[in-house]
Structure formats: structure tokens, C-alpha cells
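A.B. asks: Take a look at the following structure, please.
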Amino acid sequence: SIYGSWLNIKAQTKEEGISFAWAQIIRVAAMHRLTDIQGPIPYSLMGKGGGLVTPYDTQEDAYMAMFEDLDAAIKELVPYVAISPDDRTFKPYDLIYDGDMSKWIRLANSLKLRMAMRISFVNPTKAREYAEAALSHTYGVITSNDDNAAIDFSGTGDKNPLRWLVEDYQDVVAGADIVTYMNSYSDPRRAVYFNLPASGSEYAGLRLSAKSLLTWRNSYSLPKAKETDKLIWISASEVAFLKAEMALNGWNVGGATAKSLYEEAITLSFTQNGLTTDEAAGYY
């Protein structure tokens with residue numbers, strides 16, 4: 001679905017302009033997740049040659065090409081936003097930011113930061129370069145829950161896919177890993193993330209890779225999601241955790257400490273989920 005649309009936009013725009021830059025950010029948002037799962041994927045040669053078969057890139061080459069694509073998209077969008085900051089031409093087509101391209105720049109920088117930290121153990125030099133560039137950019141990264149990248153399904157006729165999974169796939173239950181951690185710390189966010197089991201009074205998760213049987217379903221918590229809940233791509237909380245990791249590495253994060261950024265990330269997660277700053281402070 002991503003590449004059908006992307007190839008069409010690529011052909012019509014001749015790889016130039018705002019529409020193509022926007023499409024490139026969406027492409028990277030999807031494909032960096034795919035390569036993290038799959039390893040080598042077709043990326044840099046996609047759409048070239050017109051054949052049905054596209055050579056694969058190594059994960060390293062795919063990542064480097066994605067960094068280049070994000071940089072090029074950011075470079076294209078910056079003067080557009082500077083000249084027309086209030087232009088919302090793309091609003092009818094934008095389920096995330098209502099056509100506000102300044103927020104798409106912050107999203108692109110945030111993706112760049114996420115990807116940089118994911119290569120920090122294999123290429124710390126490049127990781128630091130990209131991470132610090134994302135933070136020091138004029139538009140910076142996502143720092144407020146108001147700027148979280150999340151698809152709003154209202155009025156689309158579609159619904160949050162997690163809700164769809166829970167409804168249609170009877171073996172979808174909460175995983176033991178996250179539930180065990182959250183139970184151990186009496187995490188107030190449990191009530192936001194999960195329902196109590198139909199046959200129990202405590203949150204319970206099924207061990208990952210265990211065979212899931214319909215007869216067990218009532219014994220485990222189900223993920224809590226409404227049809228109209230937004231689908232998060234990347235949040236201010238995640239970005240703050242990434243910055244905390246930068247600080248641990250001794251990289252430039254503008255003078256903040258790893259501790260302050262870590263606590264900021266927790267607070268952002270709590271407030272994103274309708275909890276208070278006091279509850280966050282009590283937790284950490």
C-alpha cells in the first residue's frame with residue numbers, strides 16, 4: 001500500500017517539490033520499521049528500472065539511504081514553511097497534522113533521532129552526527145504531546161487497527177512482558193493500556209510465543225482501544241527517552257541531564273495518557 005502510492009507520487013512529481021518530500025517522510029516512517037523487523041529490504045532501487053523484481057539493500061545501506069531521504073525532505077520543506085507558515089493546502093489529505101508542514105519537519109527530525117539511536121552501537125560516529133543534527137535543527141524534534149504524530153481516524157470510516165485486531169482476532173491478548181513490569185511497579189497506566197481479564201481481578205499477560213487458545217482468552221487482559229483512538233507513530237515521550245539515551249552517551253542535548261530527560265519522558269507518557277504530573281512524579 002505504501003509503495004503503490006509512493007511510486008505514483010514519485011512519477012507525477014518527478015521527485016521534486018513538497019508532495020514528494022512529504023511522501024518521502026511517510027515512506028521512511030514505514031520502511032525503517034520494516035527493515036528493523038526484516039533486515040535487508042528493497043529500498044534505494046525501488047521504482048527504478050520498471051521491473052517486478054527490485055534488488056535488496058543491506059540494512060546498513062537502507063538506513064543510510066533513509067537518512068539521506070529525510071535530510072532532503074527536510075531541506076525541501078523548510079523554505080516552504082518559512083515563506084507560508086499558515087498555508088494548509090494539504091489539510092484535506094493529512095490525517096496527522098492537518099496540513100501543518102512545520103510539524104512534519106519535526107516528525108522527520110524525530111524519526112532521524114530514533115533511527116540514529118538504533119545504530120548507536122554499530123556506528124556511534126554517524127549516530128551522534130544525525131542525533132545532534134536533529135536536535136539542533138531550526139524546527140527541532142517533537143517535544144510536546146500536542147505535536148505527537150498520531151493518525152486521527154475520526155470521520156474516515158476506518159478505525160484504530162488495534163481495536164480491529166482485538167475484535168476480529170480472538171487470540172490477541174496482552175503480553176506477559178509488559179504486564180509483569182507494570183504490575184511490579186504498580187504502574188497507573190495499566191488501566192489505560194489494558195482491560196482486566198473477564199475472569200480475574202488482576203491484570204494478566206500471556207507469555208510471548210505461547211500457544212494462544214480461545215478457551216484461555218477470559219484469563220488474560222485485552223489491549224484497551226476504542227475505534228476512534230489515535231494510532232501513535234512517534235510521541236514526545238519516546239523522543240525524550242531518546243534524548244536521555246543521548247545524554248547517557250555524553251552527546252550534546254543542550255545541557256540537560258539523563259535523569260531530567262528520563263523523568264520528563266515519564267511525565268510526558270503519563271500526561272499523554274490522561275494522568276497527572278503528580279502521578280508521574282510519584283511513579284518515578
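The values are calculated or read from the model by the stated rules, or taken from the named source; none is laboratory data. Not measured: the values here are computed from a predicted model. Ideal geometry is used to build each Cβ from the backbone, glycine not excepted, and the neighbour counts take in all protein chains shown. Please note that ligands, DNA and RNA were not included when accessible areas were found on the heavy atoms of the full protein model with its side chains. Shrake-Rupley method; radii C 1.70, N 1.55, O 1.52, S 1.80 Å.
A.B. asks: So which residues in the range 103-148 are within 15 Å of Val81 (Cβ to Cβ), open to solvent by 20 Å² or more (accessible area, probe 1.4 Å) and of a type in the set (S, T, N, Q)?
C.D. replies: Passing the criteria: only Thr138.
A.B. asks: Could you run through the range 239-271 and say how many residues are open to solvent by 70 Å² or more (accessible area, probe 1.4 Å) and either among the basic types (Lys, Arg) or more than 28 Å from Arg128 (Cα to Cα) (or both)?
C.D. replies: Result for the range 239-271: 1.
A.B. asks: If we scan the range 205-216, do we find a residue that is open to solvent by less than 30 Å² (accessible area, probe 1.4 Å) and in contact with a Leu (Cβ under 8 Å, 6 or more places away or on another chain)?
C.D. replies: Looking for residues that are open to solvent by less than 30 Å² (accessible area, probe 1.4 Å) and in contact with a Leu (Cβ under 8 Å, 6 or more places away or on another chain), one finds none in the range 205-216, hence no.
A.B. asks: Let me ask something else. Please enumerate the residues belonging to the range 158-187 that are outside any helix (DSSP H, G or I) and open to solvent by 50 Å² or more (accessible area, probe 1.4 Å).
C.D. replies: If the condition is that a residue be outside any helix (DSSP H, G or I) and open to solvent by 50 Å² or more (accessible area, probe 1.4 Å), then Asp158, Lys159, Tyr169, Gln170, Asp171, Tyr185, Ser186 are the ones that fit.
A.B. asks: Let me ask something else. Going through the range 27-41 one residue at a time, which ones are over 15 Å from Ser1 (Cβ atoms) and either outside any helix (DSSP H, G or I) or open to solvent by 30 Å² or more (accessible area, probe 1.4 Å) (or both)?
C.D. replies: Once the filter is applied, which keeps residues that are over 15 Å from Ser1 (Cβ atoms) and either outside any helix (DSSP H, G or I) or open to solvent by 30 Å² or more (accessible area, probe 1.4 Å) (or both), the range 27-41 yields Asp36, Ile37, Gln38, Gly39, Pro40, Ile41.
A.B. asks: Which condition number in (1) in contact with a helix residue (DSSP H, G or I) (Cβ under 9 Å, 6 or more places away or on another chain); (2) assigned to a loop (DSSP other than H, G, I, E, B); (3) not hydrophobic (A, V, I, L, M, F, W, C) is the one that Tyr63 fails?
C.D. replies: (2)
A.B. asks: Still on this structure, I have one more. Taking into account only those residues within the range 217-238 that are more than 30 Å from Leu261 (Cβ to Cβ) and part of a helix (DSSP H, G or I), which is most open to solvent (accessible area, probe 1.4 Å)?
C.D. replies: Asn218
A.B. asks: Another question about this same structure. Tally time: how many residues in the range 76-96 are in contact (Cβ under 8 Å) with a residue 12 or more places away in the chain and surrounded by 12 or more Cβ atoms within 10 Å (Cβ to Cβ)?
C.D. replies: Residues flagged as in contact (Cβ under 8 Å) with a residue 12 or more places away in the chain and surrounded by 12 or more Cβ atoms within 10 Å (Cβ to Cβ) within the range 76-96 amount to 10.
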